[in-house]
1. Name the residues in region 76-104 that are away from the ligand (no atom under 16 Å from the Cβ) and hydroxyl-bearing (Ser, Thr, Tyr), would you?
2. Which one of these is without any contact (Cβ under 8 Å) to a residue 40 or more places away in the chain, more than 23 Å from Glu219 (Cα to Cα) and aliphatic (A, V, I, L, M): Ala189, Ala155, Ala148, Ala129?
3. Return the residue satisfying two criteria in turn: it lies in region 319-362 and is in a strand (DSSP E or B) and of a type outside the set (Gly, Ala, Ser), and of such residues it is nearest to Phe233 (Cα to Cα).
4. Go through (1) outside any loop (DSSP other than H, G, I, E, B); (2) surrounded by fewer than 19 Cβ atoms within 10 Å (Cβ to Cβ); (3) more than 16 Å from the ligand (Cβ to nearest atom) and name the single condition Ile136 misses.
5. Go through region 157-187 and give me each residue that's within 16 Å of the ligand (Cβ to nearest atom) and polar (S, T, N, Q).
6. Which residue out of Arg394, Arg354, Arg387, Arg404 is of a type outside the set (Asp, Glu) and modelled with pLDDT under 95?
7. Can you tell me which residue in region 188-207 is nearest to Ala116 (Cα to Cα), limited to those that are small (Gly, Ala, Ser) and within 14 Å of the ligand (Cβ to nearest atom)?
8. Just to verify a result, which residue in region 208-223, among those that are in contact with a Lys or Arg (Cβ under 9 Å, 6 or more places away or on another chain) and in contact (Cβ under 8 Å) with a residue 60 or more places away in the chain, is farthest from the ligand (Cβ to nearest atom)?
Amino acid sequence: MKNTYFLDSMRAQEKWRVEDSINLLPSENMTSPQVRALLSSDFVNRYTLPIEAEYAGEYMENSYRGTRITTDVERKCEQVCREVFRSRYACVQPLSGHIAAMITIVATTKRGDKVAAISDEFGGYDGYAQKYIPDILGLKAVQLPFDADAWNLDADKASQTIRKEKPRLVILGASLILFPYDMKPVAEACKAVGATLAYDGAHVLGLIAGGEFQKPLKEGAQILYGSTHKTFFGPQGGLIVTDSKELDGRIRKNLTWRVVDNVHWNRVASLGQALIEMKRFGPQYAKQVVKNSKKLGRELKERGFPIMFEELGFSRSHQLLMDRRELKAIYGLTINDFSVRLEKSNLIIDAVGRLGTAEITRLGLKEKDIPELADLYMEAAKGRNVRRQVKSMRGRFDMAYRLR
Ligand SMILES: Cc1ncc(COP(=O)(O)O)c(C=O)c1O
């Protein structure tokens with residue numbers, strides 16, 4: 001292998017995915033140059049014991065020296081996280097959304113308990129299926145009833161299921177998430193059976209931070225956690241927020257040496273910067289993401305493309321959902337083959353049938369720009385190669401919503 005293989009790959013990746021493509025993956029976003037600079041700063045080299053170790057019940061001495069600045073960065077990151085999510089407690093140590101989920105589940109359940117979540121059949125997170133996290137932790141997975149026609153939790157039936165099954169933990173949130181949930185009946189049922197209600201905001205965390213979609217902690221969730229790199233435009237990682245001192249204590253107790261050891265302080269510093277950017281731009285950004293997804297849904301639908309839930313306004317999140325049966329009827333392709341076709345034109349989508357507007361919003365696209373994107377999308381959908389036009393459109397946009 002050439003000594004420069006990875007550096008060459010970096011350049012090729014930057015050219016393709018940053019300069020030449022338009023990204024409609026709902027799981028991804030772009031980080032500012034400052035956020036990226038912090039990721040490759042000296043923090044990447046360092047250790048310190050996380051401050052939560054100090055109040056995990058037993059005092060753990062920080063065995064590392066040279067940690068004055070790192071410790072301060074951790075405290076400041078948690079402070080700005082509490083401000084952005086208007087929560088009393090914040091934990092920025094989880095290395096990813098999945099690890100944030102693991103910490104939350106470990107902290108709120110014990111072996112033999114039930115954990116209820118939306119099934120992966122309806123876009124729920126795969127990690128909550130029996131064979132993944134529940135299996136590792138000795139839990140029984142319970143599925144919350146879902147109304148596929150409204151693409152939403154069936155809140156009343158879900159509350160009945162909770163009363164009957166008495167899970168120790170109920171998790172709302174999903175990977176394919178278009179509309180906010182009616183959380184009240186679920187929160188009441190959780191209270192009645194003594195279950196903890198958590199909200200996995202991996203996908204919609206940036207919308208929640210900006211005051212859009214829904215306010216899980218105000219609507220009855222006791223814990224909100226998620227990834228910091230989907231609609232939240234930070235480095236890859238996770239965070240957990242809560243208003244409960246007791247739950248925060250349990251989360252801290254389950255961090256060091258149970259689910260996480262070294263916390264990756266470059267990520268924490270970088271997340272701190274992204275949180276500052278979110279504090280400044282969150283409301284504008286989150287509103288625009290939702291406006292862009294509604295507009296993209298409408299523009300594609302008007303061009304005859306099968307986007308679902310027109311009668312519900314297509315979406316209230318950053319996501320849209322294609323109708324896979326209609327797609328097959330119109331183009332003769334599965335969603336997977338269709339995504340490969342679009343990739344040839346440098347339009348990047350997933351093979352689930354979701355389209356996402358977080359990254360194009362970060363690029364500065366507004367509603368007025370969406371018809372041009374929809375035209376390119378339709379050309380690519382028909383199998384014409386519009387890579388040159390996509391690159392040219394991409395080149396006209398710079399990053400919006402960042403501190404200069
Ligand atoms: C709903 C949901 N929860 C958790 C995760 C895991 O997050 P991460 O990829 O940050 O580990 C995902 C990932 O896509 C997700 O969609």
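The values are calculated or read from the model by the stated rules, or taken from the named source; none is laboratory data. Just so it is clear, the model here is predicted, and its values are computed rather than measured. A quick note on method: Cβ atoms are made from the backbone with ideal geometry, for glycine too, and the neighbour counts reach across all protein chains shown.
1. Passing the criteria: Ser87, Tyr89.
2. The unique qualifying residue is Ala129.
3. Filtering region 319-362 for residues in a strand (DSSP E or B) gives 319-322, 347-348, 354-356.
Still in the list and also of a type outside the set (Gly, Ala, Ser): 319-322, 347-348, 354-355.
Numbers: Gln319: 15, Leu320: 19, Leu321: 22, Met322: 24, Leu347: 20, Ile348: 18, Arg354: 19, Leu355: 17 Å.
Checking each candidate, the answer is Gln319.
4. So Ile136 meets the others, but not (3).
5. Ser175
6. Criteria check complete, one pass: Arg404.
7. Going through region 188-207, the residues small (Gly, Ala, Ser) turn out to be 189, 192, 194-195, 198, 201-202, 206.
Pick out the ones that are also within 14 Å of the ligand (Cβ to nearest atom) and you get 198, 201-202, 206.
Values: Ala198: 10, Gly201: 16, Ala202: 17, Gly206: 24 Å.
Filtering first and then ranking leaves Ala198.
8. Step by step, filter region 208-223, then rank; the result is Gly211.
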